[in-house]
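Student: The structure follows.
The values are calculated or read from the model by the stated rules, or taken from the named source; none is laboratory data. These figures come from a predicted structure and were not determined experimentally. Cβ atoms come from the backbone with ideal geometry, glycine included; neighbour counts cover every protein chain shown.
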Amino acid sequence: MEQSYIVLIILAVMILGFILNKWSYGLTTMICCALLALTGVLPIQDAFAGFCNKTLIMIACIFVISYAFGKTSFLHSVQVKILGMQGGKSALAILLIFCALIAFFAQMMVATTTVALMIMLLGILSADNELCASRVLLPTALLASLWTSKVPVAMGATASSRLNAFLEAYGEQFTFGLTDVFKVSIVPLILLSVYFILGYKLLPKNEIDASKIGSVKEYQAIPRSQEIVTYLVFICVMGSFFFGRTLGDVMYLMPVLGVIVLQITKTLTMKEVLQNLSTDMVFMLAGIFVLSDALTSSGAGELLGNAINSLLGSNPSRLAIVVVFTLGSGIMTNFMNNTATYNVLVPLAAAASVAGGFDPRAAVMGAAMASYFTILPYGATNVAMAFAAGHYTLKNTLKFTLPFFLIAEVSTILCAMWIFPS
């Protein structure tokens, strides 16, 4: 059997394991890694290479730093203020604050670090109220993906250039301006933020794993010197994310250095560090990274992309092209990472549009935007983090995530065709 088909079967095993919810997410993904090695798709060292992934190392260390920050008096004071707002009409104010923070942070850093920042505030929300952490955590992760690099500042300033690289061969008339990504995405983002505010009660009221979101059950003052060290580490590490493009891989190293400083200064004990590094979420993410890479390297991703392209048939309409590639991208990105989906479907969308005699920008934009419409834990690290920390199951989230996905798809298709009508 070809490797691409074996990888697809193993992906189905992982999906089934998540649906059945009989084992921890970490155990499920480790089973899949073992299967990749046993079937010969990957050598053993590559099948478990997810533990050496720089993103995983960064995230694991952020958990430790978040735990340390959760012990500070500053976070405690914020907790007290927001707890005083929680409930009744003030719930709207809290949600609006969260939406604004997500939109802001997502312009400066990747979705995983946006969620890592936001996740520290969620422990503030009491599980006894209608607005609780488990009802905010998953929408936070979903919106973080969609807001990433959409405003033409910081990382978002390069979004149009990245798309133009796929269109250069078709002429300058088919290129995007600096603000085009923002123009197409702003209406869907507003609609999805409104849906989050109105529909958060569709999500379950779960107990959130405090070790994964850094909540503070009962405030206990720590020595002032340790608090100052924690603040300095937090500012330096989080500040580095704002300069990620300049720092390059050093950005991934900063959380590691932060943990080292916390350990050397005895701000955290070794036991506290190990408890936050060795979590089920770390094992789950390590497995997902490996399977996502296997989908790309084995050709399974290209196989799915060609299958989507074949759905168009002969002489497709412009609407059919935009719908197929936007919907196809949204579906594919839930089973392989955003970048792989983007790189497979964006050039196919451009080629199919030009072959049909249409302006390719609507289909290209639809495919690009939809590559961030991840509602399942397999395709995006930040969504996987939310599923693990929130103890969600696929069944108890579909009431919220399916309408979210449909709103994102339909609004993006309409906006793309409206802004690029030819």
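Student: Hey, which of the helices (runs of 4 or more DSSP H) in segment 1-100, taking only ones fully inside, have at least 2 residues that are modelled with pLDDT under 80?
Tutor: Ranges flagged: 3-20, 54-69, 73-85.
Student: If you don't mind, there's one more thing I want to ask. So, of the residues in segment 208-242 that are crowded, with 21+ Cβ neighbours inside 10 Å and not in a helix (DSSP H, G or I), which turns out to be modelled with the highest pLDDT?
Tutor: So the residue we want is 208.
Student: Search segment 401-415 for residues being among the aliphatic types (A, V, I, L, M) and under 14 Å from residue 374 (Cβ atoms), and hand back the single one that is surrounded by the most Cβ atoms within 10 Å (Cβ to Cβ).
Tutor: Residue satisfying both the conditions and the ranking: 408.
Student: Scan segment 184-207 and tell me whether some residue there is at pLDDT below 85 and crowded, with 18+ Cβ neighbours inside 10 Å.
Tutor: Yes, segment 184-207 has at least one match.
Student: Take the conditions in a helix (DSSP H, G or I) and either touching a strand residue (DSSP E or B) at 6+ places or on another chain (Cβ under 9 Å) or in contact (Cβ under 8 Å) with a residue 12 or more places away in the chain (or both) and apply them to residue 383. Does it pass?
Tutor: Spelling it out, residue 383 is indeed in a helix (DSSP H, G or I) and either touching a strand residue (DSSP E or B) at 6+ places or on another chain (Cβ under 9 Å) or in contact (Cβ under 8 Å) with a residue 12 or more places away in the chain (or both).
Student: Next up: So which residues in segment 339-359 are buried (at least 24 other Cβ atoms within 10 Å of the Cβ) and in contact (Cβ under 8 Å) with a residue 60 or more places away in the chain?
Tutor: 346
Student: Looking at segment 320-328, can you tell me whether even one residue there is surrounded by fewer than 16 Cβ atoms within 10 Å (Cβ to Cβ) and either in contact with a Cys (Cβ under 9 Å, 6 or more places away or on another chain) or farther than 18 Å from residue 3 by Cα (or both)?
Tutor: No, because not a single residue in segment 320-328 is surrounded by fewer than 16 Cβ atoms within 10 Å (Cβ to Cβ) and either in contact with a Cys (Cβ under 9 Å, 6 or more places away or on another chain) or farther than 18 Å from residue 3 by Cα (or both).
Student: Which condition from (1) part of a helix (DSSP H, G or I); (2) buried (at least 16 other Cβ atoms within 10 Å of the Cβ) is the one that residue 398 breaks?
Tutor: Result: residue 398 passes all but (2).
Student: Yes or no: segment 364-376 includes at least one residue that is among the aromatic types (Phe, Trp, Tyr) and farther than 23 Å from residue 301 by Cα.
Tutor: No, there is no match, as no residue in segment 364-376 is among the aromatic types (Phe, Trp, Tyr) and farther than 23 Å from residue 301 by Cα.
Student: Within segment 334-380, can you find the residues that are over 16 Å from residue 405 (Cβ atoms), among the aromatic types (Phe, Trp, Tyr) and in a loop (DSSP other than H, G, I, E, B)?
Tutor: Listed by number, the list holds a single entry, 358.
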